[in-house]
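In what follows, a single structure is set out as structure tokens and then discussed.
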Amino acid sequence: MGYRILETDDIPGYLHERGHWADLDDIRVREVSDGNMNRVFLASSADGTRSLALKQALPWVRVAGPSWPMNPDRADAEARAYEQVAKVAPDKIPAIHGYDPENYALVMEDMSDLEVLRTLLNDGASYGPHTSAGIGEFVAQLSFATSDFGMPSADRKALIAASVSPELCKITEDVVLSEPYIEHEHNHWHEGLDDLAAEFRADARLRTEVADLRHTFMTSAQALLHGDLHTGSVMVGEREDAPVVRVFDPEFSFVGPIGYDLGLYWANALVSEERARALGALSDHGDQLALSWEAFETEFRRLWTTRVDTFFDDAYLDRFLRRVWTESLGFAGTEIVRRIIGFAHLTDLTTLEDPVPASRRALLIGRELIVRRDELNAPNAVRAVVQPT
Ligand SMILES: Nc1ncnc2c1ncn2[C@@H]1O[C@H](COP(=O)(O)OP(=O)(O)OP(=O)(O)O)[C@@H](O)[C@H]1O
Ligand SMILES: [Mg+2]
């Protein structure tokens, strides 16, 4: 039948066609899309006992419409990432019930009993002890399994080839890893940041360091990444009195540097900390970088004992983890900067009554992480950068 753009009323028929809920004829559907890119629908049985989520990629950016075309095959990348994670960390993603490549539509577990982490944090919640540890473990499990340590060389080459994602990588290369440091029509910022935005564009050392990170992003095929691991890609909550942490929306997935996933999460944690500081509501925000790193490192070291290629020795593991740490800091810095003087900003800061002081602090932290990443060798060194003097 070809690619069809599904509307709310089409969903019950579509679910039947795909073999879901053949025994149900009264299916209720509502659209819950709140991202920029895709459509998301929630379907439930009339008695409310069963539910599903359906996400469809359109051939354009949802909020822009057909004037901004975008290849819907980003949904293939999302399905592929979920398939890999399902093998090694099924408890950290929604259960996937089916992917339809013809319609770029993914049917998955309804997670509407959970909450998006950014929303909770913006409302004043703390992280709690499980969230960042869960994220660190997630990154370790996905990255180890899809690295040359976890996967035979030939399988890895096939994964790299299948996961090439030129259009979405180009967005990151431009929007995150170059535009904020040059004059570009995408860039905008609060007028209280005029001086810093100009300073960052004129800073030759900063630019070279960002160029180095950008080139790492383009060339370092360490492992399959989530690719967009910010606090809006994480849901948390409780089920049967146990904490639940779920990562979703891996449409930017590709084989790249592991530090890009950790760094994105750290940037968002550091910005959430500046929001809390501005509101006088700091709680456990400052612990999250260390918690996620420690969980990542512990899990990666545990998995190392199962590596498929033992020419890689323990001393090499130490060196590799140090590289991941350093690159994570650099990518964290670039993510902070681009979210304040680049194209797409964060509600953590934009919803503050006066976003300027927190944004200025965050920008300066971001620059420090980029230019001093080699010497900041542990979480407490990062704390020293973040602590107000
Ligand atoms: N499985 C699910 N269960 C319940 N709600 C979901 C589910 N998947 C997505 N949502 C809701 O839909 C929203 C958008 O989902 P998602 O982030 O995957 O879409 P997107 O268009 O790729 O967003 P973005 O523009 O941020 O990339 C989420 O913030 C969440 O509120
Ligand atoms: Mg998305």
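Couple of notes before you dig in:
- Evaluation of Y127 against (1) in contact (Cβ under 8 Å) with a residue 60 or more places away in the chain; (2) within 16 Å of ligand 1 (Cβ to nearest atom) (one fails), failing number: (2)
- Qualifying positions in segment 245-279 - in a helix (DSSP H, G or I) and within 16 Å of ligand 2 (Cβ to nearest atom): Y260, D261, L264, Y265, N268
- Considering segment 97-113, and only residues there that are over 22 Å from V244 (Cβ atoms) and outside any strand (DSSP E or B), the residue that is farthest from ligand 2 (Cβ to nearest atom) turns out to be E102.
- Every pair of residues 6+ apart whose Cβ atoms lie under 9 Å, when the first sits in segment 366-387 and is without any contact (Cβ under 8 Å) to a residue 12 or more places away in the chain while the second is acidic (D, E) and part of a loop (DSSP other than H, G, I, E, B): A381/E375
- Residues (surrounded by fewer than 24 Cβ atoms within 10 Å (Cβ to Cβ), more than 16 Å from ligand 1 (Cβ to nearest atom) and either modelled with pLDDT under 95 or not β-branched (V, I, T) (or both)) located in segment 239-271: E240, D241, A242, P243
- Scanning segment 20-37 for residues that are without any contact (Cβ under 8 Å) to a residue 24 or more places away in the chain and either closer than 20 Å to A79 by Cβ or of a type outside the set (K, R) (or both), we see that the one that is nearest to ligand 1 (Cβ to nearest atom) is D34.
- Of all residues making up segment 219-244, the number that are of a type in the set (A, V, I, L, M, F, W, C), within 15 Å of ligand 2 (Cβ to nearest atom) and in a loop (DSSP other than H, G, I, E, B): 2
- Checked against the criterion of being within 25 Å of S45 (Cβ to Cβ), among the hydrophobic types (A, V, I, L, M, F, W, C), surrounded by fewer than 18 Cβ atoms within 10 Å (Cβ to Cβ) and at pLDDT 95 or above, the candidates A105, A95 yield just one match: A95.
- Scanning segment 38-56 for residues that are within 17 Å of Y3 (Cα to Cα) and either loosely packed, with under 13 Cβ neighbours inside 10 Å or within 8 Å of ligand 1 (Cβ to nearest atom) (or both) yields N38, R39, V40, K55.
- Every pair of residues 6+ apart whose Cβ atoms lie under 8 Å, when the first sits in segment 238-252 and is more than 26 Å from M37 (Cα to Cα) while the second is near ligand 2 (Cβ under 9 Å from one of its atoms) and at pLDDT 95 or above: none
- Taking (1) surrounded by 17 or more Cβ atoms within 10 Å (Cβ to Cβ); (2) within 27 Å of L168 (Cα to Cα); (3) out of contact with any strand residue (DSSP E or B) (no Cβ under 9 Å at 6 or more places or on another chain) in turn, G65 satisfies each apart from (1).
- If the condition is being in a loop (DSSP other than H, G, I, E, B) and either surrounded by 20 or more Cβ atoms within 10 Å (Cβ to Cβ) or at positive phi (or both), then segment 280-298 contributes only G280.
The values are calculated or read from the model by the stated rules, or taken from the named source; none is laboratory data. Keep in mind that this is a model prediction, so the values were computed, not measured. Neighbour counts run over all protein chains shown; Cβ positions are idealised from the backbone, glycine included.
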